[in-house]
Amino acid sequence: QLVEEAVRQGRQVLYGSSLVAPGRWMAEQLQKRGINAVHLTDLDSDGRARTRGPKERAKAVMDFRTGKAQVLCTSVYAVALGHNLDVASVVILEGLPFDFAVLDQFIKRARRLTSKRPVDVYVLMPSDSLTVRKWQLQRQKTDSSDLALDGRISGRVESRVDKAKFLDLMGTDQELIR
C-alpha cells in the first residue's frame, strides 16, 4: 500500500533489500496490482537468486529513469555505486545492510543534487530483529561522526509503525504471520 500510494501520487519508488531474492518477488507482487515494476534479479540454473548482468541491469535502470517503470526493486548492493536514480522520490528499504556506507550510498542514488523532489526514506524493521540492532548501531555511529565533524548531532525524524499497521501497509494477511 505504501508503494501504491506513492505511485498514485505520481512518485517513483526505489525498493531495496540487503538480500538479492526479494527484489524479483516484490516486483512480481506489484505487477499483479497493476504497478509497472522492474527488478534486477534472475534465477540461476539451480534456482537461486542472482543479480542480473550489467546490460540487463542497465536496461531496467533506464526503464526506471525514463519513467517506463514506476518502481525499481533491487538489492542495495546492485546499485550501491554509479547509478543516478534522481527520479525516485520514495526509497523503501527492507532490512539494512551491515555496512553504513552501502546504506548511505543506496539512499544517495535517489537523494541527488539533481533530485526534482524531496526524497522520503522508509526502513522496514520488524521489532526485536537483527535489523533493529543494526539500525541502533548505525545511529550511534552516525551521531559520533556528526559530533566529530559538525560539533552537533543532526536532526532526524523517525517514527514507529505498529505491527498491524505494518502488515496492512505490506498487504499481508496477519493470520499468516503469527
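The values are calculated or read from the model by the stated rules, or taken from the named source; none is laboratory data. It should be emphasised that the depicted structure is a prediction, and the values quoted were computed from it without experimental measurement. All Cβ positions, glycine included, derive from the backbone under ideal geometry; neighbour counts span all protein chains shown. We work out accessible area using only protein heavy atoms, side chains counted, and drop any ligands, DNA or RNA first. Shrake-Rupley method; radii C 1.70, N 1.55, O 1.52, S 1.80 Å.
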>> If I build a Gaussian network model for the chain, linking alpha-carbon pairs within less than 10 angstrom, which residue out of LEU40, LEU113, LEU124 has the largest mean-square fluctuation?
In response: LEU113
>> Over the Cα atoms, compute the radius of gyration (one decimal) and Dmax (the largest Cα-Cα distance, rounded to a whole number) for segment 1-132, in Å.
In response: 13.8, 42
>> Largest first, please: the extent of the C-alpha atoms of segment 9-51 along each principal axis, to the nearest Å.
In response: 39, 21, 10
>> Computing the accessible area with a 1.4 Å probe over protein heavy atoms, can you report the carbon and sulfur percentage for the chain?
In response: 53
>> With a 1.4 Å probe and all protein chains left in place, how much accessible area per residue does the chain have, in Å²?
In response: 60
> For segment 73-141, what log10 I(q)/I(0) values come out of the Debye formula at q = 0.27 1/Å, with one point per alpha carbon and no solvent?
Replying inline: -1.25
> Between ARG8 and LYS141, 0.36 nm times their residue separation minus their Cα-Cα distance comes to what?
Replying inline: 44.3 nm
>> Name the residue from THR74, GLY47, SER89 whose Cα lies farthest towards the positive end of the charge dipole of segment 39-147, charges +1 on Cβ of Lys and Arg and -1 on Cβ of Asp and Glu.
In response: SER89
> What value, in deg cm²/dmol to 500, does the helix sum -39500 (n - 2.57) over DSSP H runs of n ≥ 4 give at 222 nm once divided by the residues of the chain?
Replying inline: -12000 deg cm²/dmol
> Mind checking which lysines have their C-alpha under 29 Å from LYS59, skipping anything on the same chain fewer than 8 residues away?
Replying inline: LYS32, LYS68, LYS108, LYS116
